[in-house]
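A short write-up of the structure that comes next.
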Amino acid sequence: MRVVCLGGGPAGLYFAILTKLRDPDSDVVVVERNPRGVTHGWGVVFWDDLLHSLYRTDATTAELLEANALQWWAQEVYVGAQPPAQAGGYGFAIGRHELLAILTDRAIALGVTVQFDRTATTLADWSDADLIVASDGANSPVRTQLAEHFKPQIEAGQNYYIWLGTNKPFDAFTFAFEKTPAGWLWFHGYRFNDKTSTCIVECPSSTWHELELDRLPPDEGISVVQKIFADKLGGHELTNKLGGASTARWLNFQRVSNHEWFHNNIVLVGDAAHTTHFSIGSGTRLAIEDSVALDQAIRQHDDLPTALRQYQIERKAATELRQAAADSSAKWFEDIDALGEQMESDPVRFAYSLRTRKEGSPSGVSWLLHRATQYPLGRAGRRWVSTAKRKALARAAR
């Protein structure tokens, strides 16, 4: 079987890995437009569910990812100069370049051909392939070329955001909200190695315009944001340059969905098929799960169209649930002005609203646990329970 993956992100690389594990004699090619080692993006977050999926399908990749990822054990929510509220939880982070290096090395070791610095200009170049996997991202050229068949729907969010990095290593997954004369501005910050953190800055359209971020050159706009968050950054810098090249600009989030996920022998995976708002951190997980589901469908059916149909049915249902959760999360951040009074008067309650992405009066065991997390003993107990639960799940996954 000859398989071509157009796009060297997590979805394309992991499907290539699974294909070689399933059929070592298959001819698998991954085509990536960037040179090797060059990627756009900082760190990505994930949780145990991704590791469990990897351990079930390729333990070697799972072990490498777990060994190279950084784990965080807390979420802190800052509102202006007030002490941080604690939101609990834990997760993992890894540099996107490091994640892709792990997947690339694993794929090459299994016999996959990875062609870097090559742009797939037309699908006719791959007419001899039995299967073409469009893993070419949210702005997928393959999806665009075949839009009449895939019938994509692309909806723009209201807020503006920019994906930046900083040399401040955040100790916890950090949310920081600052009220300016122009309105609210906030960032999602998390460390992905010992020295560097991702810092996603977001704000309503009105704030973005009032701060003139729509007119300022990128470096000047970042300087404005850096001054606003100077206290939370502790004198550290924000940057949109990774490896010396500019990697980010202000955007509206683009929610992508498709009516059809395959056409003939061409199938969409990852962000080419769907996107979820960055505030729930599911992009890498969903990309990997697409690859796993596509591989399993091909294992179960000798007939490719039947396999692709099964893949579409299964993954559309799964991603629609995640997109619904992501839509609620995005809407919560878009309605942030309505929570302004609560933010300033009761940061602990606001942090609970942020963690649950729900408004209204909190109650129940979850709220009591959140209140207990505000104290050192409560945080220690919550971490102990989380660690025990994680170890049990990890043993089961292995």
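Tabulated data
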{"quantity": "Lysine pairs in the range 136-268 with Cα atoms under 25 Å, if 8 or more residues apart or on separate chains", "calculated": "12"}
{"quantity": "Estimated distance in nm for a label pair at THR122 and TRP367, the labels positioned 7 Å out from Cα along Cα-to-Cβ", "calculated": "6.3"}
{"quantity": "Of the trypsin sites (Lys or Arg not before Pro) in the range 316-353, those whose Cβ has at most 14 other Cβ within 10 Å and which sit in DSSP loop", "calculated": "none"}
{"quantity": "Cα long-axis angle, helix 283-300 against the chain (0 to 90 degrees, to the nearest 10)", "calculated": "30"}
{"quantity": "Share of pairwise Cα separations in the range 1-68, more than 17 Å, in percent", "calculated": "51"}
{"quantity": "Cα-based equivalent ellipsoid of the range 159-239: semi-axis lengths in Å, sorted from largest, via gyration tensor", "calculated": "21, 13, 11"}
{"quantity": "3J(HN,Hα) from dihedral phi, the range 24-34, Karplus parametrisation 6.51/-1.76/1.60, rounded to Hz, x for glycine, proline", "calculated": "x, 7, 5, 9, 10, 10, 10, 10, 10, 6, 8"}
{"quantity": "Backbone HN-Hα couplings from phi across the range 12-23 [Karplus 6.51/-1.76/1.60, Hz, Gly and Pro as x]", "calculated": "x, 5, 6, 5, 4, 4, 5, 5, 5, 5, 6, 9"}
{"quantity": "The range 57-178: antiparallel DSSP beta bridges as a percent of all, rounded to 5", "calculated": "50"}
{"quantity": "Label point distance in nm, HIS259-ALA59, each placed 7 Å from Cα along Cα→Cβ", "calculated": "4.6"}
{"quantity": "Global geometry of the range 247-371, whether rounded, prolate or oblate, following the gyration tensor of its Cα atoms and the 1.5 cut on a/c", "calculated": "prolate"}
{"quantity": "Degrees, to the nearest 10: 96-109 long Cα axis against longest axis of the chain", "calculated": "20"}
{"quantity": "Neighbourhood charge, 14 Å Cβ-Cβ cut-off, centred on LEU211 and excluding it, Lys, Arg +1 and Asp, Glu -1", "calculated": "-3"}
{"quantity": "Tensor-based shape of the range 42-113 (alpha-carbon gyration tensor, a/c under 1.5 rounded, otherwise prolate or oblate)", "calculated": "prolate"}
{"quantity": "Cα coordinate range in the range 323-377, projected on the principal axes (Å, largest first)", "calculated": "34, 26, 19"}
{"quantity": "Degrees separating the helix 59-68 axis from the principal Cα axis of the chain, which is the longest one", "calculated": "30"}
{"quantity": "Helix-only mean residue ellipticity at 222 nm for the chain, each DSSP H run of n ≥ 4 adding -39500 (n - 2.57), per residue, nearest 500", "calculated": "-13500 deg cm²/dmol"}
{"quantity": "Computed Kirkwood radius, in angstrom, where 1/r is averaged over Cα pairs of the chain", "calculated": "22.2"}
{"quantity": "Rg followed by Dmax, in Å, when the range 346-398 is reduced to its Cα trace", "calculated": "13.7, 43"}
{"quantity": "DSSP-defined beta bridges in the chain - what % are antiparallel, rounded to 5", "calculated": "70"}
{"quantity": "Two-site label geometry, ASN252 and THR113: point separation in nm, points 7 Å out along Cα→Cβ", "calculated": "4.2"}
{"quantity": "Volume per residue that the Cα convex hull of the range 50-186 spans, once the total is divided by residue count, Å³", "calculated": "204"}
{"quantity": "Volume per residue that the Cα convex hull of the range 108-252 spans, once the total is divided by residue count, Å³", "calculated": "175"}
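Values in this text are rule-based calculations from the coordinates and carry no lab data. Not measured: the values here are computed from a predicted model. Quick reminder, even Gly has a Cβ in these numbers, built from the backbone with ideal geometry, and neighbours come from all protein chains shown.
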